[in-house]
Structures are given as C-alpha cells and as structure tokens.
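Student: This is the structure, below, for whatever I ask next.
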C-alpha cells in the first residue's frame with residue numbers, strides 16, 4: 001500500500017512539473033488616442049516614449065505633434081503638414097530614435113540602456129519575455145484586410161503590447177489601441193476579446209495572428 005501511494009505521488013509530481021504556471025503582467029502604460037486617422041504610429045510612439053520618461057518636446061505641449069515633428073523637414077515646423085501614416089516599422093523606429101536624439105540635444109535627456117530594433121512576429125514566449133523584462137512592443141497589425149507580405153515592415157495599424165495573461169501555450173495579449181472605435185464596432189470584442197478599459201483590450205494570441213494579422217514588431221530593450 002505504501003509503495004502504491006509513493007508511486008501515485010511520484011506520478012502526480014511528474015505530471016505537475018509538465019504544467020506551466022499561469023502568470024500575468026501589465027506594464028504601467030496609459031492608452032493614448034491618436035489625433036488624426038493616420039497617426040496611430042505617432043500615438044503608439046508617444047505611449048512608449050512616455051513610458052521611458054522622454055520629455056515632451058512640442059512647444060505647445062502636444063506630445064504627439066512632437067513625435068510627428070521628429071520626422072524632420074516641414075514636419076518639424078508644423079505637424080499639421082504631415083498627417084500621413086508612419087510607413088514601415090523600420091521608419092517608425094528611426095523616427096523614435098530621432099526623437100530621443102532631439103530630446104538629448106534639447107533637454108539633456110538620455111537613456112543609454114534603450115536599444116530600438118525591428119523584427120517580424122514574436123512568439124508567445126518572446127512576448128512574455130519582453131513584458132517580464134518591462135519592455136513594451138509596438139506591434140503592426142492589419143485587421144479586416146489582407147496582410148502585407150512578410151519582411152517588408154508594412155502594417156495597416158499600430159498598437160502597443162503592454163501585457164499578457166496565461167502561458168506560452170495559452171497566451172492572451174494585452175494591448176493599447178490608439179484608434180477611437182465606436183462602441184458598436186470594436187474589432188477586439190467582435191473577435192471574442194475583452195475590453196479592459198477605454199483603449200485597452202485582451203485578445204488570445206491565436207486571434208492576434210489569424211484575425212488581426214499581427215506581422216511586425218518594434219522592440220525596446
């Protein structure tokens with residue numbers, strides 16, 4: 001009897017060791033709404049820059065306008081002249097880097113530990129690792145449309161992945177979406193996700209890939 005109980009105990013321990021513990025984490029990044037139909041990239045950049053305590057460089061106090069101005073040229077004089085999309089993830093990453101360089105020159109701000117890079121789709125475990133290391137992700141998605149071919153850096157829309165729940169085998173992504181959806185047409189709710197607060201949603205990773213066509217990432221580490 002004792003040997004049977006011992007065997008059952010060992011069996012339970014071996015099964016338990018195969019089960020991943022469920023975890024969750026959300027970074028302290030407030031959702032920010034985009035100010036024009038095409039400025040999702042600027043709003044996403046603002047969320048990340050604010051998270052890293054970068055200063056507001058716009059003389060009028062409009063952070064998002066300052067991000068757009070970091071493109072240079074006429075944008076730096078009047079962000080209203082640059083209402084278009086941000087382009088590829090590589091270009092958006094370059095604008096964020098330009099903003100940080102301007103912040104250093106204008107205010108002395110410096111974060112030498114911040115490295116910006118671009119890549120394609122992150123795996124569930126990679127998303128968990130980024131968030132656990134307190135690093136947000138700007139994700140390029142293309143909801144409701146045919147996704148762009150991989151490797152080009154193009155997506156229809158930009159959101160910020162700020163957290164997760166679950167495990168690598170059953171991951172839910174928590175994201176801030178800057179687009180002000182009307183209550184009757186929130187794509188995350190229509191796909192079976194949840195609204196956590198205005199501008200923040202939770203969606204299964206599988207739907208993030210298959211329905212929202214997550215395809216590009218800007219990383220901060």
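Student: Quick one: how many residues across the stretch 57-85 are farther than 20 Å from residue 176 by Cα and not in a helix (DSSP H, G or I)?
Tutor: 13
Student: Of the conditions (1) over 20 Å from residue 86 (Cβ atoms); (2) in contact with a strand residue (DSSP E or B) (Cβ under 7 Å, 6 or more places away or on another chain), residue 221 fails just one. Which one is it?
Tutor: So the condition that residue 221 fails would be (2).
Student: Please enumerate the residues belonging to the stretch 80-121 that are touching a helix residue (DSSP H, G or I) at 6+ places or on another chain (Cβ under 8 Å), farther than 18 Å from residue 215 by Cα, surrounded by 15 or more Cβ atoms within 10 Å (Cβ to Cβ) and touching a residue at least 40 places away in the same chain (Cβ under 8 Å).
Tutor: Answer for the stretch 80-121, where residues must be touching a helix residue (DSSP H, G or I) at 6+ places or on another chain (Cβ under 8 Å), farther than 18 Å from residue 215 by Cα, surrounded by 15 or more Cβ atoms within 10 Å (Cβ to Cβ) and touching a residue at least 40 places away in the same chain (Cβ under 8 Å): 95, 96, 99, 100, 109, 114.
Student: Out of the stretch 155-175, which residues are within 15 Å of the chain's Cα centre (by Cα) and either under 21 Å from residue 84 (Cα atoms) or exposed (fewer than 13 other Cβ atoms within 10 Å of the Cβ) (or both)?
Tutor: Across the stretch 155-175, the qualifying residues are 155, 156, 157, 158, 159, 160.
Student: Look through the stretch 195-221, keep the residues that are in a helix (DSSP H, G or I) and touching a residue at least 12 places away in the same chain (Cβ under 8 Å), and return whichever of them is surrounded by the most Cβ atoms within 10 Å (Cβ to Cβ). Walk me through it before giving the result.
Tutor: Taking the stretch 195-221 first, the residues in a helix (DSSP H, G or I) are 205-210.
Now drop any that are not touching a residue at least 12 places away in the same chain (Cβ under 8 Å), which leaves 205, 207-209.
Numbers: 205: 20, 207: 16, 208: 26, 209: 16.
Among those that are in a helix (DSSP H, G or I) and touching a residue at least 12 places away in the same chain (Cβ under 8 Å), it is 208.
Student: Among 37, 31, which is the only one that is within 21 Å of residue 216 (Cα to Cα), assigned to a loop (DSSP other than H, G, I, E, B), out of contact with any helix residue (DSSP H, G or I) (no Cβ under 8 Å at 6 or more places or on another chain) and modelled with pLDDT of 95 or more?
Tutor: Working: 31 fails: out of contact with any helix residue (DSSP H, G or I) (no Cβ under 8 Å at 6 or more places or on another chain).
The unique qualifying residue is 37.
Student: Sticking with this structure for a sec: Which one of 103, 24 is under 18 Å from the mean Cα position of the chain (by Cα) and more than 28 Å from residue 148 (Cα to Cα)?
Tutor: The match here is 24.
Student: Residue under question is residue 136, and the condition is that it be buried (at least 16 other Cβ atoms within 10 Å of the Cβ) and either under 14 Å from the mean Cα position of the chain (by Cα) or at positive phi (or both); does it hold?
Tutor: Taking the combined requirement at face value, the residue satisfies it.
Student: Restricting the stretch 108-151 to residues that are part of a loop (DSSP other than H, G, I, E, B) and closer than 16 Å to residue 29 by Cβ, which is modelled with the lowest pLDDT? Break it down stepwise before answering.
Tutor: Filtering the stretch 108-151 down to residues part of a loop (DSSP other than H, G, I, E, B) leaves 108-115, 120-123, 133-136, 142-151.
Still in the running and closer than 16 Å to residue 29 by Cβ: 111, 114, 133-136.
Working: 111: 80, 114: 88, 133: 97, 134: 97, 135: 98, 136: 98.
Looking at residues that are part of a loop (DSSP other than H, G, I, E, B) and closer than 16 Å to residue 29 by Cβ, I get 111.
Student: Within the stretch 164-194, can you find the residues that are more than 18 Å from residue 139 (Cβ to Cβ), in a strand (DSSP E or B) and touching a helix residue (DSSP H, G or I) at 6+ places or on another chain (Cβ under 7 Å)? Give the steps one after another, and end with the answer.
Tutor: Of all residues in the stretch 164-194, those more than 18 Å from residue 139 (Cβ to Cβ) come to 167, 169-170, 180, 182-185, 189-190, 192.
Checking which are in a strand (DSSP E or B) leaves us with 167, 170.
Of everything in the stretch 164-194, nothing turns out to be more than 18 Å from residue 139 (Cβ to Cβ), in a strand (DSSP E or B) and touching a helix residue (DSSP H, G or I) at 6+ places or on another chain (Cβ under 7 Å).
Student: Further question on the same structure: Right, residue 20: touching a strand residue (DSSP E or B) at 6+ places or on another chain (Cβ under 9 Å) and at pLDDT below 95 or not?
Tutor: It is true that residue 20 is touching a strand residue (DSSP E or B) at 6+ places or on another chain (Cβ under 9 Å) and at pLDDT below 95.
Student: Give the residue that is nearest to the chain's Cα centre (by Cα), with candidates limited to residues of the stretch 48-64 that are buried (at least 18 other Cβ atoms within 10 Å of the Cβ) and farther than 30 Å from residue 120 by Cβ.
Tutor: 56
The values are calculated or read from the model by the stated rules, or taken from the named source; none is laboratory data. Note that the structure is predicted; figures quoted are calculated from it, not measured. Cβ: placed from backbone, ideal geometry, glycine included. Neighbour counts: every protein chain shown.
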